[in-house]
Amino acid sequence: MTHFKDIQSQFMAHIKDPAHIAPPSDIEPRRMAIYSELFFNNIEDFVASAFPVLKSLYNEDDWLVLVRLFFIEHDCKTPYFLEISQEFIAYLSNQYHMKENDPIFMLELAHYEWVELEISIRDENDQFTSFDPDNIDFTPLYLSNLAWSLSYQFPVHTISPEYQPKTTPSEPSYIIVFRDSEDEVGFIAINGLTSLMLQVINESPSIGFDSLCIELQNQVPSFSLDIIKQGAVSVLSALAEKGVLVTKK
């Protein structure tokens, strides 16, 4: 049994890092090479499909080096391929040391792309339903589980091979990632006050409109309660129409 475990460990170590770790001596090299390529290609396919924008910022060789490091250095805790993207985020956050060719917004962009994937596969919570935005004054408010309010240092929703900020902007970016009624994932760029509204709703599920506005006025005393209410009606109504805000059935 010990001999088998040793062979198994060497087998996996070689598959992860075939350039530096020899294969088990009793396995045909050609067959071993097929195993190694198959495992790595599967991992690379899943990472590439989950992080297409991040991949587009690298040349092919540098991208494969990044994925290979993930494959070698990270001990995945899940057997599910759909969760590889979450493991990749954990690796970038906790183990990976950024290189010269990595963009400074690398981790934030990867997290944003992971959120898009996460929202796309989430099950809808059937305890909640849409509501008429005209009745927002009298409706208990909840943030949909198919929506995620986020803030980043970088405008990750605008990054592409043609636009890659080199320094940290002076103001953060606030974004809602959501899935609409057609199961399409999109985003809305919002301001800091709208982000604060959603934070209060998320932390106080079923909060009513008046209570929400009073809490916002407490946190942002430079705005009068009337001004907050006027702005909140149109913003929250628009978010309700998109399904970002829901109510209990």
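The values are calculated or read from the model by the stated rules, or taken from the named source; none is laboratory data. The structure displayed is predicted, hence computed values, not measured ones. Here the Cβ is made from the backbone with ideal geometry for all residues, glycine too, and neighbour counts use every protein chain on show.
Among the residues of the stretch 106-135, those that are charged (D, E, K, R) and loosely packed, with under 13 Cβ neighbours inside 10 Å comprise ASP123, ASP126, ASP132, ASP134. Among the residues here, ASP183 qualifies as among the acidic types (Asp, Glu) and under 18 Å from the mean Cα position of the chain (by Cα).
Among helices (runs of 4 or more DSSP H) entirely within the stretch 143-249, having at least 2 residues that are among the β-branched types (Val, Ile, Thr) singles out 192-203, 225-241.
When you check ALA189 against the structure, is it touching a helix residue (DSSP H, G or I) at 6+ places or on another chain (Cβ under 8 Å), under 22 Å from PRO52 (Cβ atoms) and modelled with pLDDT of 95 or more, yes or no? Criteria met by ALA189.
Being assigned by TED's automatic domain parsing to the domain that holds THR139, closer than 25 Å to PRO155 by Cα and either without any contact (Cβ under 8 Å) to a residue 24 or more places away in the chain or not aliphatic (A, V, I, L, M) (or both) holds for only one residue in ASN218, ASN202, and it is ASN202.
Residue-wise test of (1) under 22 Å from PRO205 (Cβ atoms); (2) not assigned by TED's automatic domain parsing to the domain that holds VAL47.
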{"site": "TYR91", "(1), (2)": "no, no"}
{"site": "GLU116", "(1), (2)": "no, yes"}
{"site": "SER130", "(1), (2)": "yes, yes"}
{"site": "ASN135", "(1), (2)": "yes, yes"}
{"site": "LEU143", "(1), (2)": "yes, yes"}
{"site": "TRP148", "(1), (2)": "yes, yes"}
{"site": "GLN164", "(1), (2)": "no, yes"}
{"site": "THR168", "(1), (2)": "no, yes"}
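Here ILE119 meets the list (1) β-branched (Val, Ile, Thr); (2) part of a helix (DSSP H, G or I); (3) farther than 27 Å from ASP183 by Cα almost entirely, failing just condition (3).
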